Amino acid sequence: MDSFILKRGEIMSKALTFTIFGSTGDLTYRKLLPALYQLEARNLLPDNLTINCVGRKPYTRESYLEVAKPWLIKGSRFPFNEEVYARFSKHLQYIVLSLTDEVHYERLGKSDKKGDYLYYFAVAPEFFEPIANHLKTSGILDQGQHRIILEKPFGIDEDHARKLNTLLDTIFGEDNIYRIDHYLGKEMIQNILTIRFANRMFEGIWNKDYIQEIQITAAETIGIENRGAYYETTGAIQDMVQNHLLQLLSYVLMDKPSDFSPKSIHAKQGEILSRIKTEELVLGQYDQNGALVAYRDEAKVAHDSSTETYVALTLSVDDERFKGVPIFLRTGKRLDQRATYITVKFKPVEGTLFKDLSPQQEMLIIKIQPDEGIYFRFNAKKPGISHQISQVMMNFCQSCIYENRINTPEAYERLLNDAFNQDKTLFTSWEMVDLTWSFASELERFKTEHKVNLQYYPAESQGPHLSSAMLNTYDSQWIPADITEEASSLA
Ligand code: BG6
């Protein structure tokens with residue numbers, strides 16, 4: 001285990017109390033606790049950290065740890081280690097508290113003026129307001145520094161999100177609000193700006209003169225598991241498109257920021273997102289296939305539910321640089337493959353020089369997960385006397401390198417560590433959230449105006465046929481993730 005422990009990071013001297021509202025929820029078990037355990041394994045948890053796990057269920061510290069431990073074992077990136085677990089569990093306390101009961105907040109204890117307090121709202125958005133109000137009225141916020149991390153979805157709808165933002169801003173102040181989108185903590189997403197702007201080759205051709213189309217896929221094999229109640233209120237648009245996919249898209253399209261400060265990056269992201277328009281929309285829902293049940297038969301889902309578990313979109317950008325370049329997005333649950341990747345397809349070469357040799361369009365693929373890397377397919381002369389053209393590929397697999405694999409923190413691990421260290425770079429601004437709500441509302445309008453009907457697709461398939469048909473009208477097709485595994489045709 002020792003060989004996995006990385007260099008000790010900057011540990012804050014100030015006492016930090018990290019309180020998780022929603023400690024018995026899926027997110028805490030699956031992501032937050034394993035991420036915290038992992039930070040302990042890397043010696044990155046501040047020594048003077050207290051983790052308050054808050055929930056309504058009447059656990060004791062011991063019985064909570066009993067429930068949590070299997071999740072840590074399952075979610076651990078490194079082989080699970082009892083010694084690390086013992087150190088980790090010393091930080092943890094469990095506090096029984098009903099979120100809507102102001103009196104219960106006394107159980108969080110008094111704050112002291114030198115302390116740093118961070119609260120994670122891992123709960124449904126309707127609880128954000130009571131938590132914030134009760135923290136305030138119970139006097140907890142009177143002393144010390146108090147920051148909050150907000151999990152998505154931020155708000156129930158556009159209006160609610162705006163009201164909520166005003167309230168939270170008044171109580172905590174924008175500087176103390178960290179809006180999380182865990183996709184921003186993914187290694188290859190952070191790499192997009194480097195690939196684009198640290199290479200003249202790409203920066204120069206990143207426009208409508210060279211790019212034919214852009215595709216973004218975030219495909220999942222899992223169904224909605226035990227999150228039926230949550231998912232029924234969001235669907236794939238609010239669960240994946242409105243946040244993760246739009247963040248990804250803005251990184252792919254944004255103009256070059258002047259530096260890596262959150263302010264510069266958010267400004268450029270915002271500029272491009274405000275120019276995106278929906279051209280086509282396909283919605284789907286997974287149906288039964290063999291032992292895999294239909295979405296409508298999942299627990300806590302209405303039998304006649306019209307919630308979408310799949311979305312495919314064609315977007316256009318009202319911007320000089322990308323005018324006329326179609327952008328295709330798709331995401332779905334219970335598909336036949338788990339893969340998140342961005343494909344940039346370049347325009348065919350012009351002129352008569354290669355007229356009879358049929359060069360293919362070059363393609364750049366940024367692989368985000370599960371494989372991380374960059375794939376580039378281009379044309380080359382086939383060795384031999386006759387002049388023929390072949391497709392060759394360069395395939396950089398970042399996650400194939402062992403050191404990269406063990407050093408790449410899971411997204412939540414990185415973001416929690418950043419929040420502990422008061423680094424907001426990879427968190428989202430209110431302006432971005434606001435724009436994504438406008439986008440979601442526009443999609444709703446589009447759905448109604450164009451009478452978009454739900455398409456059923458069998459579980460473990462590639463999604464609805466209409467999604468492929470949508471690309472066919474642009475003389476295109478979805479690029480499959482496994483294209484990056486094909487051998488070069490020169491071989
Ligand atoms: C979450 C969504 O934000 O992201 C889930 O709520 C989804 O529905 C998950 O499964 C996907 O995250 P990742 O990191 O596995 O791609």
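The values are calculated or read from the model by the stated rules, or taken from the named source; none is laboratory data. Quantities reported herein were computed from a predicted structural model and do not represent experimental measurements. A quick note on method: Cβ atoms are made from the backbone with ideal geometry, for glycine too, and the neighbour counts reach across all protein chains shown.
Going by the conditions given, is Ser264 modelled with pLDDT under 95 and away from the ligand (no atom under 16 Å from the Cβ)? Criteria met by Ser264.
Just one of the numbered conditions (1) loosely packed, with under 15 Cβ neighbours inside 10 Å; (2) within 16 Å of the ligand (Cβ to nearest atom) is not true of Thr170: (2).
When Tyr474, Tyr402 are screened for being over 24 Å from Gln242 (Cβ atoms), surrounded by fewer than 16 Cβ atoms within 10 Å (Cβ to Cβ) and hydroxyl-bearing (Ser, Thr, Tyr), only Tyr402 passes. Kindly provide the set of residues from the range 235-252 that are of a type outside the set (S, T, N, Q) and within 13 Å of the ligand (Cβ to nearest atom), ordered by number. Selection gives Gly235, Ala236, Ile237, Asp239, Met240, Val241, His244, Leu245, Leu246, Leu248.
Would you point out the residue of the range 264-310, among those that are within 26 Å of Ile214 (Cα to Cα) and of a type in the set (Lys, Arg), that is nearest to the chain's Cα centre (by Cα)?
Here the residue is Lys268.
Is it true that Ile149 is within 16 Å of the ligand (Cβ to nearest atom) and of a type in the set (A, V, I, L, M, F, W, C)? So Ile149 fits the description; yes. Among the criteria (1) in contact (Cβ under 8 Å) with a residue 40 or more places away in the chain; (2) surrounded by 15 or more Cβ atoms within 10 Å (Cβ to Cβ); (3) assigned to a helix (DSSP H, G or I), the one Glu203 does not fulfil is (2). Inspect all residues belonging to the range 301-313 and state whether any of them is closer than 26 Å to Asn453 by Cα, within 16 Å of the ligand (Cβ to nearest atom) and surrounded by fewer than 19 Cβ atoms within 10 Å (Cβ to Cβ). No; the residues of the range 301-313 include none that is closer than 26 Å to Asn453 by Cα, within 16 Å of the ligand (Cβ to nearest atom) and surrounded by fewer than 19 Cβ atoms within 10 Å (Cβ to Cβ). Whether a residue is at pLDDT below 95 and touching a Leu at 6+ places or on another chain (Cβ under 9 Å) was assessed, and Asn48 passes this test.
From Lys355, Lys345, which residue is in a loop (DSSP other than H, G, I, E, B) and basic (Lys, Arg)?
Answer to the selection: Lys355.
Of the residues screened, Asn191 is one that is in a helix (DSSP H, G or I), out of contact with any helix residue (DSSP H, G or I) (no Cβ under 7 Å at 6 or more places or on another chain) and either within 16 Å of the ligand (Cβ to nearest atom) or not hydroxyl-bearing (Ser, Thr, Tyr) (or both).
If you check Leu245 against the conditions, is it within 19 Å of Lys367 (Cα to Cα) and in a helix (DSSP H, G or I)? Yes, satisfied.
Only one of the numbered conditions (1) in contact (Cβ under 8 Å) with a residue 24 or more places away in the chain; (2) among the charged types (D, E, K, R); (3) in a loop (DSSP other than H, G, I, E, B) is not met by Asp259, and that is (1). Name the single residue that is surrounded by the fewest Cβ atoms within 10 Å (Cβ to Cβ) among those in the range 212-234 being part of a strand (DSSP E or B) and near the ligand (Cβ under 10 Å from one of its atoms). Among them, the one singled out is Ala219.
Of Glu350, Glu372, Glu362, all but one fail to be crowded, with 18+ Cβ neighbours inside 10 Å and without any contact (Cβ under 8 Å) to a residue 60 or more places away in the chain; the exception is Glu362. Residues in the range 315-325 that are farther than 12 Å from Tyr210 by Cα and buried (at least 20 other Cβ atoms within 10 Å of the Cβ) were compared, and the one that is nearest to the ligand (Cβ to nearest atom) is Leu315. Scanning the range 12-34 for residues that are among the small types (Gly, Ala, Ser) and buried (at least 23 other Cβ atoms within 10 Å of the Cβ) yields one hit, Ser23. Among the residues making up the range 138-174, those that are in contact (Cβ under 8 Å) with a residue 12 or more places away in the chain, in a helix (DSSP H, G or I) and more than 18 Å from Val123 (Cβ to Cβ) are Leu141, Asp142, Glu158, Arg162, Asp169, Glu174.
Leu273 falls short of the stated requirement of being touching a residue at least 24 places away in the same chain (Cβ under 8 Å), in contact with a Ser or Thr (Cβ under 9 Å, 6 or more places away or on another chain) and within 12 Å of the ligand (Cβ to nearest atom). Being assigned to a loop (DSSP other than H, G, I, E, B), over 30 Å from Asp356 (Cα atoms) and of a type outside the set (A, V, I, L, M), is that true of even one residue in the range 398-406? Looking through the range 398-406, none of the residues is assigned to a loop (DSSP other than H, G, I, E, B), over 30 Å from Asp356 (Cα atoms) and of a type outside the set (A, V, I, L, M). The set of residues in the range 173-188 being within 16 Å of the ligand (Cβ to nearest atom) and more than 16 Å from Met432 (Cα to Cα) consists of Gly185, Lys186, Glu187, Met188. From the list Leu329, Leu415, the one residue that fits, being within 14 Å of the ligand (Cβ to nearest atom) and in contact (Cβ under 8 Å) with a residue 60 or more places away in the chain, is Leu415.
Could you list, in sequence order, the residues of the range 57-76 that are surrounded by fewer than 18 Cβ atoms within 10 Å (Cβ to Cβ) and closer than 19 Å to Asn407 by Cα? Listed by number, the residues that qualify are Ile73, Lys74, Ser76.
The residues on offer are Ile272, Ile265, and the sole one that is under 26 Å from Leu184 (Cβ atoms) and touching a Leu at 6+ places or on another chain (Cβ under 6 Å) is Ile272. Filtering the range 333-346 for residues that are closer than 16 Å to Ile479 by Cβ, touching a Gly at 6+ places or on another chain (Cβ under 7 Å) and modelled with pLDDT of 95 or more leaves a non-empty set.
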